[in-house]
Amino acid sequence: MLIVTLSSLRARWVSLVGTFVALGLGVALIATMGLGLASTLAAPQQHPERLAGAVVVVRGADELRVPSRIGVRVQPLTQPQAVPEALAKNLANLGTVVADRSFPVRVDGKDAELVGHPWPVAGFGGNRIVAGHEPRTATEIAMVADPALVGRQIEVRTPTGRAVFTLAAALAPVSYEKAVFFSENAAAEISPRIDNLVVHAPAEAVQAAVAGTPGIQVLTGDDRRRADPDPDRDREALIAMNALLGTAGGVTTFVSVFVVASTFAYAVAQRRREIGLMRTAGATPRQVRRTMLAEAGAVGVVASAAGCALGSHGAPWLGEILVDERLAPSWFTIGDYQWPYHVAFWTGLIVALAGVAVSTVRAGRIRPTEALREASVDTRAMTLGRWIFGAGLLATGLGMLCWRLLSDPGDALHRKTYTTQPMLLITAIALLAPILVGPLTRLIAWLPAQLSGATGMLMRENASAGVRRTAAVAAPVLVTVALAGSLLGATATINAAKAAEIRTQIAADLIVDGTSLDESAVAAVRRVPGAKVMTSASSALYTLEEGVALIRSDAQAVDPETLAAVRHLPVRAGRISDLDDQSIVVNEEWAVHTVGRQVTVWLGDGTERSLRVVAVLATGTGSNGVYVTGHNAGGAVVDHIELSWRPGTDVSAGEAAVRSALRSSGAQVQTRAEWLTEQLPASGRQTTVGYLVVLGIALTYTGIAVANTMVMATSDRVRDLAVLRLAGATKRQVLLLVMAESLTMVAVGAVLGVLATLVNLLGIWGALGALSVWTAIVVPWQILGLTLVACAVVALLATLAPTIGAMRTRPVELAGTKE
């Protein structure tokens, strides 16, 4: 049996190389993505930065802890609590205490917003003076600047308004933030709130002193990073990376398994005549299956091992791409893990064996004369198993799509859903492709077949007769087109729906954005004649759903009297005008969304409240959040103003008055059109580049698979082409025929891919409609066109190369070639 296996492999070296390439590259992709994914599972230990020089740091509560049936549920607070002034005085009895305060600062001539601190905390974070001296008076500051500017007057905006300060010191830059330091007294006047306390005393004594104050934290060691500007940035960066590479791994594994299985199955289908001869010579079905499985095992082991070796070199390259494209933090590297290699190796080997096993079950049962007869024309490409699995996957995919539309349409808008949903439909269509290939081929080839000459007719008959060959070539094209269309089309359609939703809801004439609009600026805008002003403060609310899940919801604290004048909200029940300090407006996603019901919430600073539901909004695309009044803002400050004009108001004069009132605040004043242009959702750079990386890798592999399958298919037809030459066809006619057949098979795959794309996008469109957001389906035709052109070019090159090589041999010699 081993001798027969090795002899067969030598005789069918083209098929051997084709299956080896498909499997090796597939395993390499799985190993590469597995190594990348494994490297995102654990973030490096993030050490303290801003207060790294402090021994003990006392901080207010920055987490909400709520008891539940299954233990304490924890969520980070949107507005961490301050350290009480009384506690600071008590701790001063233990040793020196330094109060740390943080507040937004904008310096004249700098676009970016900076952060202000008192000078006494500067030394704990490694801030170093390169010129000048520390701020000593209420009118002096220190910041990163050109040393030549020391002594200059600088206009600075703080939460208390604009003022002119003298640059007392130029500082060396630090990596973790851009800060402006004020004298201790000036910082306390600007921001009375104490964010942290640095205490020069033993940690045990500090712990005992704060024991009676709930929520207060005593931070030592690496826990001091909780006082940094972004204490969990490394972990959060890896969470985003994990999601990206998880999606990429799922897509590439699906593509790899799909292509490898179809390639091995096609390789077996090419050998029907050989199987018939083996059966005629007396081989039993079991012997046939053992021979095929032995060959697949030999190729599978070597190709999988080669794929793992290739993946070990591809993973670092992937890591460099992710860092260069700013999808990963600068410190991200691929770690040394073993389990991705095991997953990739055994997945590749099992898929190869399974692809061959399924095909050889039917091949081994065919009688010898049947196998020889079926070697010329595909008469029974659809087996019972293919019918069962194809119809089952199609029913499952469509059934899940309908179930989501009826039960939870919002789930269809999640990335994990619209990434995995296409895989079911693509696999189902690929399994059922032999049913569709014949009619599609005849439809696509109908017009060429009407032209004079026999080329068009031969193209149609060859492509429709070789159902297995056409389906095998169309499969990679189907995957390529369907994935590109479904993933990019889904994000584009959802973004278009979000944009339409925002355009419908925003009715304000002027919109003002600012990190912290002080009371004087807001009051000045309210005094503008004819203006209906709504202020908004971004915050969050927390609810304990079903007694076990602590859920965070974005909330806006607004003016209920003017909310309806500047926003057209999709109210499903109740009235927006009923909103007051004891009530709340929720959306349909909330567990409690019945008008009149009481709901227990925790505000952004952790304060517990019981509020009455007065209105319920449609869920929409997820941007319809929660509305409360400023009384329930949880310490959030106004950061947004929307303004509309009463009838008869001089709009030009009013707009000028608003801009004049806010000129000193540094806030950005925009018209509705300007704001919409800037704010309308589009795929973020990271999302776009991430999808391009994922699709680029997957589509490159499927492009190689197209070339691989075309070479296998064309090499298998050498004798057929020789017969055409002997029948009188010229070399040019043969080349035109194979080119036309290749383009036809690519077109069949493209049509099937577009069909899968449209079904998936119709599901997205239906989910949006169920959420009361109607928008047009966005099909990325340009991307699909480029993808189709690329597949066509690859298919033509892969067809012409072996065909031209074969025509260098005399037709008589090729026609007599034995398999």
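Here are a few things to note about the model shown:
- FRET efficiency for the residue 572 to residue 548 pair, using the beta carbon distance and R₀ = 30 Å, is estimated at 0.65.
- Heavy atoms of the protein chains alone define the surface here; on that basis region 484-569 has 35 Å² accessible area per residue at 1.4 Å probe size.
- Note on region 190-344: Cα Rg divided by 2.2 N^0.38 Å, N the number of residues, gives 1.96.
- Most to least packed among 470-480, 595-605 [average Cβ atoms within 10 Å]: 470-480, 595-605
- Sorted on the mean count of surrounding Cβ atoms within 10 Å across their residues, most packed first, peptides 29-41, 207-219 read 29-41, 207-219.
- Nonpolar atom fraction for region 164-211, defined as the carbon and sulfur part of the 1.4 Å probe accessible area, stands at 55 percent.
- Within the same chain, lysines fewer than 8 places from residue 532 are excluded, and of the rest, none has a Cα less than 24 Å from its Cα.
- Taking the protein heavy atoms of region 519-582 in the context of the full set of protein chains, the accessible area attributed to carbon and sulfur is 47 percent at 1.4 Å.
The values are calculated or read from the model by the stated rules, or taken from the named source; none is laboratory data. Since the structure is predicted, the reported quantities are computational estimates derived from the model, not experimental observations. Every residue, glycine as well, gets a Cβ built from its backbone with ideal geometry; the counts of neighbours run over all protein chains shown. All accessible areas refer to the heavy atoms of the entire protein, side chains included, with ligands and DNA or RNA removed. Shrake-Rupley method; radii C 1.70, N 1.55, O 1.52, S 1.80 Å.
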